[in-house]
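Since the structure comes first, as structure tokens, the remarks are kept for the end.
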Amino acid sequence: MKLRFPFRLQQLLSAAVGAFLLGSAAIAQDTITLTTGATQQGKVLGVTPSGQLEFQVAGTTNKLGLSLASVREVRMNPPAELGAAVTAYQAKDYAKALPALKSVVDKFKGIPAAWAQQATALLGELYIQTGDLAKAEATYNDFKKLYPTGGSLQSEVGLARLAVAKKDFETAKQKLAPITEAALQEKTLTLINAIAYSQAFLVSGQVKEADGKFAEALEDYLRTVTLFYHDRTAVASAQERADALRKAHPDVTAP
């Protein structure tokens, strides 16, 4: 299957999302695009409890607030705390990663930036890793509300991951089946969907491995590593599980 990526993906990869997931050049100044198409440049300060996006207007000391409902996209560099949280997560230092990541999610809650969306999804995963399943479920459900368009796919994958943590593999299968089937039919991917598919095949591999379907599990892990490689943390986990599966079952090969 050969996938084609629209130009919008290349734009995102060269901006803040790339800095979070793949590494790229920094953005000089934050840009807020409104639903009307108008743009505003300045420094994004965060989101207030009432849902206002606060920013400092470029070249001034003036601070303004915009309703998140009026903002279509925010292009900005991810905060340094996010990079530190991801590094700690990849090192499995969850005690360090969790507070750093939660501070980022709380400060920028709901802003329409792909890195912020990814941070929210990763927060749910961190709660699973630390055994706080109630907070994980609340985070994924909140995620769906915060990002009703782009977040629904990732939130479903997150809830499937939660079901796996609860050993509820049947629920996980039901949530993952339509997602993985759609992924294999995709010809053109958006970045957000590509990231969700990275995570989906990782979780699908876990479900199949638990069911004793080792060859199919290996195939799904390798799909994350080689085809849907857009979430770096998912790729690292998938590669780790594929290596462990091959070591435990040397005769297993992907179909």
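The values are calculated or read from the model by the stated rules, or taken from the named source; none is laboratory data. In this text the structure is predicted, and so the values were computed from the model without any measurement. Virtual Cβ from ideal backbone geometry, glycine too; neighbours counted across all protein chains shown. Calculation scope for accessible area: heavy atoms of the full protein, side chains included, ligands and nucleic acids excluded. Shrake-Rupley method; radii C 1.70, N 1.55, O 1.52, S 1.80 Å.
Counting only protein heavy atoms and a 1.4 Å probe, the stretch 72-156 has 42 square angstrom of accessible area per residue. Residue separation of A236 and A138 scaled by 0.36 nm, minus their Cα-Cα distance, works out to 32.7 nm of gained length. Shape class of the stretch 72-186 from the alpha-carbon gyration tensor: oblate, with a/c at 1.5 or above and b/c at least as large as a/b. Using the Cβ-Cβ distance between A69 and L184 with R0 set to 45 Å, the FRET efficiency from 1/(1 + (r/R0)^6) comes to roughly 0.80.
Among the listed options (i) 27, 20, 18; (ii) 40, 19, 16; (iii) 33, 19, 16, the one matching semi-axes √(5λ) of the Cα gyration tensor in Å as calculated from these coordinates is (iii). Residues whose amide H lies under 5 Å from that of E73, counting only those 5 or more places away or on a different chain, are T33; hydrogens are built 1.01 Å from N in the peptide plane. Averaged per residue, the stretch 165-251 has 47 square angstrom of accessible surface, using a 1.4 angstrom probe with ligands and nucleic acids left out.
To put it simply, the accessible area of the chain at a 1.4 Å probe is 53 percent carbon and sulfur.
In terms of the Cα gyration tensor, with a ≥ b ≥ c the square roots of its eigenvalues, is the stretch 163-255 rounded because a/c is under 1.5, prolate because a/b exceeds b/c, or oblate? Taking the square roots of the gyration eigenvalues as a ≥ b ≥ c, the stretch 163-255 is oblate.
Here A84 and Q56 are evaluated by their C-beta separation; at R0 = 30 Å the FRET efficiency comes out at 0.80.
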